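Below is one structure; the comments refer to it alone.
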Amino acid sequence: MSPRGSGPSPGTRLRIAREGRGLSIEDVAERLRLNAALVLALEEDRMALLGAPVFARGHLRNYALLVGVPEAEIMAAWEADEMPEPSFLPALDLRPKRRGAASWGWPLAAVALALVLVAVFWWWTTAVGR
């Protein structure tokens, strides 16, 4: 989707401003409390993915404020366009990063439980044997 007027689209303006500030898509997503795929959709001018136009307007305003682009320019450029048909969200790998220590949790707990059971069995056999 590109504006009927001249110049870059609202999403392109936001992307350029984001990159100029050294922010990643994930940084923007965290600060705007959005999914990274939705930030990418904003930058690609796929506003229909955000639902009703009121949501797209709100996200555009918030994004413009975050990256220091005059929100009036973004809103004017966006309103000069038509809303595209919704399409699928881009596939991003948004699974949480697994830490090494978390993978050792269950095996360590099993070993600790086994040691406790051996200690209880040893105590029981020595106490009963007296």
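Derivation of every value follows stated rules applied to the coordinates shown; laboratory data play no part. Since we're looking at a predicted model, the values are computed, not measured. Positions of Cβ are backbone-derived with ideal geometry, glycine not excepted, and every protein chain shown enters the neighbour counts.
Report ³J(HN,Hα) in whole Hz for each residue of segment 110-127, in order, from the Karplus equation J = 6.51 cos²θ - 1.76 cosθ + 1.60 where θ = phi - 60°; Gly and Pro get x.
5, 5, 4, 5, 4, 4, 5, 5, 5, 5, 5, 4, 4, 4, 5, 5, 6, 6
State, to one decimal in nm, how far the label point of Trp124 lies from the label point of Ala110, with both points 7 Å from Cα in the Cβ direction.
Going by the 7 Å Cα→Cβ label model, 2.2 nm.
Efficiency by 1/(1 + (r/R0)^6): what FRET value for Leu65 and Ala37, r their Cβ-Cβ distance, R0 = 25 Å, to the nearest 0.05?
0.75
Please work out how much length the chain gains when fully extended from Glu19 to Ala52, using 0.36 nm per residue of separation minus the C-alpha to C-alpha distance, in nm with one decimal.
Answer, rounded to one decimal: 9.1 nm.
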